[in-house]
Amino acid sequence: MENMAEAAVKELRSTVSSGKTKSYEWRISQLKAILKIVTHHENEIIEALRSDLNKPEHEAFIHEIFSVASSCKLALKELRRWMKPQKVKTGMLTFPSSGEIVPEPLGVVLVISTWNYPFLIAVDPVIGAIAAGNAVVLKPSEVAPATSALLSKLLGEYLDTSAVKVIEGAVRETTELLAQKWDKIMYTGNGRVARIVLAAAAKHLTPVILELGGKCPAVVDANINLKVTARRIISGKWGCNNGQTCISPDYILTTKEYAPKVVDALAAELEKFYGKDPLGSNDLSRIVNIHHFDRLEKLMDDEKVSGKIVHGGQRDKTNLKIAPTILLDVEEDSLIMNEEIFGPLLPIVTVNKIEDSFGAINAKGKPLAAYLFTNDKTLKEEFVRSVSAGAIAINETALHFMEVGLPFGGVGESGMGSYHGKFSFDAFSHKKAVLRRGFGGEVSARYPPYAPWKLQLLKALVKGNIIEILRALLGW
Amino acid sequence: MAAGAEGVAEDLRSAYAAGKTRPYEWRVSQLEALLKLTTRHEREIVEALRSDLNKPEYESVIHETVGVSSACELALKELHQWMKPEKVKTTMVTYPSSAQIVSEPLGVVLVISTWNYPFSTLSLGPVIGAIAAGNAVVLKPSEVSPATSSLLSKLLGEYMDTSAVRVVEGSVLETTALLEQKWDKIFYTGNGKVGRVILAAAAKHLTPVVLELGGKSPVVVDSNINLKVAARRMISGKWGGNSGQTCVSPDYVITTKEYASKLVDALSCEIENFYGKDPLQSNDLSSIVNSRHFDRLINLLDDETVSGKIVLGGQRDKVKLKIAPTVVLDAPKDSPIMNEEIFGPLLPIITVNKIEDSIRLISSKEKPLAAYLFSNDKKLKEEFITSVSAGGMVINDTNLHLVEPNLPFGGVGESGTGSYHGRFSFDAFSHKKAVLQRGFTGDIAARYPPYANWKIDFLKSLFSGNLIGVLRALFGW
């Protein structure tokens, strides 16, 4: 008996074979439909995000709705250009010839999204898949059920369901989906499940993009504008879904000397942003569910760190809220320094010299992002050169996410592949090399029977050495 | 210096962590060393290839050593350019800011190569890319070409910096041990069965993989072409490429029922011009690599639905592991020869009514590593390029896209993932790190809590470059 996953893939394969998804017109129609969803159903999306995450309207709009709308508009504007074959200069060895790289759809792709930006991380990859001419199944996260149901409803209404499907569900449905043969899978989430996705994909030789996470460090040097720094750290941490963001600054590294200043600056700005009682603020997402709430409580209450809380620590279990919390001088072997926090707790690790922070960062798995606040040119260059991460931002946090000219993706434990802007189109395309020749330009030296002069001539041709070519031809 | 897989990986990790492989100078020194060993030891390499494959000297030089030298020279010439960060324009969203994409090494990588071009850009090409990109690299050559494997071990051991570039010989046992280690990238050339094993092993460490596999690369032959030239180019790509044992060799031909006999005649004529009346005696054809593959190919040929359809060749010499260039006309769709990658000197010709039917036929099979079309018909060419999915394509030739370094070489679907050659080799072993730089100015209050509607309006307008909107939001108009 065919399960839902099998049936969906079968239908999508049939649609792809018909050539429907390849046409420019079809892709444009679908992108326009997504743009319509985002403009006509803004309020429902904001409500779903409030329901799933208590996400403030500001964040729901700027981080999710606006981002998706921009992504659509960019694709609509650039699609013709993206679809055009790229001409390639060809050399002596194939002369006369012309070459090009032709982007083509991979076929039927699977996008497995996650719960923290449940609208954005679902729809943005779908935009890329459609722009590249594929049929796509979207599996939204069940941990954000209101958004999942809304996606299913709206995409079901507005998009061509013979080529774009939403399949809701949890482990069982995801496992069924992963058993199918896809032409590409994109997964956003954690390293444990990523290994499962890769193992399933291995059976079908399916290429995969993994957008994972890690402990994104923020190094804070001295002699900086500490007020702006504090605001930008707070924005990237608590202003992004209350720290539940793959590129939130996970922990801070600063000198023992400077640390108190950093704490003070953060405390001052936190109060300006969220008031004296942050648990009462409407501008902070809640913790997504009780499982993550308990996990974060455990990190805070770990006896190695509970005495190191210098700001915050308040919690409200009923409403799943944890106040912005800062911990100072946590030990390397504490729980909080050994897993991705993904919440509103910010440990500060202190070092003697600021340069020592680089070694500390490189001793961990490569994170999705790494941040440095400094005015020191040498320090900046050294950081960019020696810290490996998906991305780096200097004097900023998280904002690189919104620059569509930059590829967004991880390395090592933080993932593989990238997307955003044209990188999304490329992620779901096969770049087919095409070499065109006529019947002229025959070089008999290419063919048997082989002879030393033929070998000499071709060797010379490869080197482009005219003298050698003549020697070979004339038997000198 | 430990010899086991774990020890090798550890040694290389230390060298990489010490920063050994990152400087431009180190990379250049290694590329120069590789160039040196390839040019100085050409004789020995040619001999090893004769021993392993009975490969003609011409092919050993043109397809293997010259390819490696060229790739080294290209990397040496272009490395500065490749290593340079790429500037990226930033938008209103992060203004004022600057951005770039910085290429950095992945770390310690594993290249598993194969037996048919054991000293070529297939085996050393990825090593060149890995080194150019600043990685430490382990090369595991194929045990099916043992003379070349041990020569690689000897020469690279002598010429390269063995603290960061290592050759590990062996077969299943050693490969399995290597696959248990954590690599920052794995590059595998071979078949789909082992490809799946590699991916499964890589999954445990989240290691990205490039797979260069194969498939049944079709050649569509239209009428109204220069049949002589087409035949010569097909023969060159098939039998002139290691006796058909090449991942992009034309695997089978599709032509119209009407044109088939002309094609067979042209092939027959040129094969005789190239290899003489008794091809088994020609010194210009590689042998079949071993008796396992020899028996496999004989089985394909002797299959009862196929054996009666041989129109050219069919001769074999089991002692010398030679099979003559063989053409089979109209083998049935479900015969073994039409259902596995042939990888040998047998060429089936399938006939169709209209040449356009060939496109559907090809699309009904798995995506091959290459697809070829001989035609002067503009419309057919465009249709072919748009509708046939393959790793790469050539119009009016075969195999030649391999030698053009500006074209990425790689598969899709069953024929592989990822690509390399030229700059693509460098990219294959690099992480493209996004870097955004800002100063402390240009901070916008609208970005921060406490949130308010005017802030949303302001940001919306700002990001859209809508200056009126910005002003309206600011002044509450």
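When the range B:95-109 is filtered for residues that are open to solvent by 20 Å² or more (accessible area, probe 1.4 Å) and out of contact with any strand residue (DSSP E or B) (no Cβ under 6 Å at 6 or more places or on another chain), the ones remaining, listed by number, are B:95, B:96. Flag: residue A:135 matches the condition of being in contact with a strand residue (DSSP E or B) (Cβ under 9 Å, 6 or more places away or on another chain), more than 12 Å from chain B (Cβ to nearest Cβ) and in contact (Cβ under 8 Å) with a residue 60 or more places away in the chain. Please give the number of the condition residue A:254 fails out of (1) open to solvent by less than 10 Å² (accessible area, probe 1.4 Å); (2) assigned to a helix (DSSP H, G or I); (3) touching a helix residue (DSSP H, G or I) at 6+ places or on another chain (Cβ under 8 Å). The failed condition is (2). Selection of the range A:298-328 for residues being under 14 Å from residue A:349 (Cβ atoms) and either modelled with pLDDT under 95 or open to solvent by less than 30 Å² (accessible area, probe 1.4 Å) (or both) yields A:304, A:305, A:326, A:327. On inspection, residue B:406 qualifies as part of a loop (DSSP other than H, G, I, E, B) and facing chain A (nearest Cβ under 7 Å). Residue A:276 meets all of the listed conditions (1) open to solvent by 30 Å² or more (accessible area, probe 1.4 Å); (2) within 14 Å of chain B (Cβ to nearest Cβ); (3) among the charged types (D, E, K, R); (4) not in a loop (DSSP other than H, G, I, E, B) but one, namely (4). Under the condition of being surrounded by fewer than 23 Cβ atoms within 10 Å (Cβ to Cβ), under 20 Å from the mean Cα position of the chain (by Cα) and more than 23 Å from residue A:16 (Cβ to Cβ), the residues counted in the range B:360-385 number 0. How many residues are touching a residue at least 40 places away in the same chain (Cβ under 8 Å) and surrounded by fewer than 23 Cβ atoms within 10 Å (Cβ to Cβ) when one looks only at the range B:314-329? Selection size over the range B:314-329: 6. Test residue B:92 against the criterion of being more than 30 Å from residue A:464 (Cβ to Cβ) and open to solvent by 40 Å² or more (accessible area, probe 1.4 Å), and give yes or no. When the stated conditions are applied, residue B:92 passes them.
Please determine whether any residue of the range A:383-405 is acidic (Asp, Glu), within 11 Å of another protein chain (Cβ to nearest Cβ) and either open to solvent by 10 Å² or more (accessible area, probe 1.4 Å) or in a loop (DSSP other than H, G, I, E, B) (or both). Yes, the range A:383-405 has at least one match. Checking every residue in the range A:254-263 against the condition of being within 14 Å of chain B (Cβ to nearest Cβ) and of a type outside the set (A, V, I, L, M) gives zero matches. Scanning the range A:340-360 for residues that are assigned to a loop (DSSP other than H, G, I, E, B) and farther than 25 Å from residue A:385 by Cα yields a total of 4. Would you confirm whether any residue within the range B:62-71 is in a helix (DSSP H, G or I), more than 23 Å from the chain's Cα centre (by Cα), of a type in the set (A, V, I, L, M) and surrounded by 21 or more Cβ atoms within 10 Å (Cβ to Cβ)? Checking the range B:62-71: not a single residue is in a helix (DSSP H, G or I), more than 23 Å from the chain's Cα centre (by Cα), of a type in the set (A, V, I, L, M) and surrounded by 21 or more Cβ atoms within 10 Å (Cβ to Cβ).
Among residues of the range B:464-477 being assigned to a helix (DSSP H, G or I) and either modelled with pLDDT of 90 or more or surrounded by fewer than 19 Cβ atoms within 10 Å (Cβ to Cβ) (or both), the one that is nearest to the other protein chains (Cβ to nearest Cβ) is B:469. Within the range A:193-207, residues that are closer than 14 Å to residue B:198 by Cβ and in a helix (DSSP H, G or I) reach no partner that is hydroxyl-bearing (Ser, Thr, Tyr) and open to solvent by 30 Å² or more (accessible area, probe 1.4 Å) with beta carbons closer than 8 Å at six or more positions or on different chains. So for the range B:278-297 (the condition being aliphatic (A, V, I, L, M), surrounded by 14 or more Cβ atoms within 10 Å (Cβ to Cβ), under 29 Å from the mean Cα position of the chain (by Cα) and within 17 Å of residue B:235 (Cβ to Cβ)), does at least one residue qualify? Yes: the range B:278-297 contains one or more residues that are aliphatic (A, V, I, L, M), surrounded by 14 or more Cβ atoms within 10 Å (Cβ to Cβ), under 29 Å from the mean Cα position of the chain (by Cα) and within 17 Å of residue B:235 (Cβ to Cβ). Based on this model, can you work out whether residue B:84 counts as open to solvent by 40 Å² or more (accessible area, probe 1.4 Å), at pLDDT 95 or above, within 13 Å of another protein chain (Cβ to nearest Cβ) and over 21 Å from the mean Cα position of the chain (by Cα)? So residue B:84 does not fit the description; no.
Can you name the residue in the range A:93-105 that is outside any strand (DSSP E or B) and facing chain B (nearest Cβ under 7 Å) and, of all such residues, is modelled with the lowest pLDDT? Going through the qualifying residues, I end up with A:93.
Residues of the range A:43-68 that are farther than 15 Å from residue A:285 by Cα and either within 11 Å of chain B (Cβ to nearest Cβ) or at pLDDT below 95 (or both): A:65, A:66, A:67.
The residue list A:185, A:130 contains one member that is crowded, with 17+ Cβ neighbours inside 10 Å, assigned to a strand (DSSP E or B) and not basic (Lys, Arg), which is A:185. Remark: pairs (first residue in the range A:214-229, closer than 23 Å to residue A:362 by Cβ; second residue open to solvent by 20 Å² or more (accessible area, probe 1.4 Å) and of a type in the set (Val, Ile, Thr); Cβ separation under 9 Å; 6+ apart in sequence or on different chains) = A:220/A:255; A:221/A:255; A:222/A:255. For the range A:429-455, a tally of residues being in a helix (DSSP H, G or I), open to solvent by 40 Å² or more (accessible area, probe 1.4 Å) and either more than 10 Å from chain B (Cβ to nearest Cβ) or closer than 30 Å to residue B:424 by Cβ (or both) returns 2. Number of residues in the range B:247-268 that are open to solvent by less than 10 Å² (accessible area, probe 1.4 Å) and either of a type in the set (S, T, N, Q) or away from chain A (no Cβ under 14 Å) (or both): the value is 9. Restricted to strands (runs of 3 or more DSSP E) entirely inside the range B:78-182, those with at least 2 residues that are in contact with a His (Cβ under 9 Å, 6 or more places away or on another chain) are B:97-105. Residues in the range A:1-60 that are closer than 30 Å to residue B:360 by Cβ and either in contact with a Cys (Cβ under 6 Å, 6 or more places away or on another chain) or of a type in the set (Lys, Arg) (or both): A:10, A:13, A:20, A:22, A:27, A:31.
Among residues of the range B:411-450 being open to solvent by less than 20 Å² (accessible area, probe 1.4 Å) and part of a helix (DSSP H, G or I), the one that is farthest from the other protein chains (Cβ to nearest Cβ) is B:426. Note on the range A:59-99: residues that are charged (D, E, K, R) and surrounded by 18 or more Cβ atoms within 10 Å (Cβ to Cβ) amount to 2.
The values are calculated or read from the model by the stated rules, or taken from the named source; none is laboratory data. Note that the structure is a prediction, hence the values are computed from the model and not measured. With ideal geometry, Cβ positions are generated from the backbone for all residues, glycine too; neighbour counts draw on all protein chains shown. Just so you know, the surface numbers come from the protein's heavy atoms only, side chains and all, with ligands and any DNA or RNA stripped out. Shrake-Rupley method; radii C 1.70, N 1.55, O 1.52, S 1.80 Å.
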